[in-house]
Amino acid sequence: MLCACEKPAPPVSDLAPDGVYFLKVAAQGRLGDKVVEKRPGTLLNHYEEDTYYSTDGVMLQLAPQYVTNDMKVVKLIEIEERSRVVAVATPRPTPTPIPPATPPWENPLGKGAYSRDRVRSPSYVTPVPYYR
């Protein structure tokens, strides 16, 4: 309950400070001789009528409909950009190729791996004659 001596709190403004704007769309600007692309949500400082500068010194010539100082809109732009970046950064799982099956008539260890005629006794075993 308010008495006559208390003033109500001023409404909270959802606007950025004077001269501070944010990009609504991707835009290209100039930094010296280079052309630099800026993403939506980039912080801009208003310089002249349609001229804005980003914090890293890139000059942008933009119409007023491409910038905003409404912080609610900026939050929505940031959420949209994050979801787009996550979608691009998340690779799709690639299916693992199934190796071809080995036919049952082929030995997977190579030819003759189990053949009895190739079984040899080790060289360290010497045959001992058997006497009765």
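The values are calculated or read from the model by the stated rules, or taken from the named source; none is laboratory data. These figures come from a predicted structure and were not determined experimentally. Cβ placement follows ideal geometry from the backbone for every residue including glycine, while neighbour counts extend to all protein chains displayed. Ligands, DNA and RNA are excluded from the accessible area calculation, which covers all protein heavy atoms including side chains. Shrake-Rupley method; radii C 1.70, N 1.55, O 1.52, S 1.80 Å.
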Condition set in contact with a strand residue (DSSP E or B) (Cβ under 8 Å, 6 or more places away or on another chain) and surrounded by fewer than 17 Cβ atoms within 10 Å (Cβ to Cβ), scope the stretch 1-29, selection modelled with the highest pLDDT: answer is V20
Unmet criterion (only one of (1) modelled with pLDDT under 90; (2) among the small types (G, A, S); (3) over 26 Å from the mean Cα position of the chain (by Cα)) for A63: (1)
Among the residues of the stretch 80-97, how many are open to solvent by 100 Å² or more (accessible area, probe 1.4 Å) and at pLDDT 75 or above? 8
Of those in the stretch 30-53 that are assigned to a strand (DSSP E or B) and closer than 22 Å to R84 by Cα, the residue most open to solvent (accessible area, probe 1.4 Å) is E37
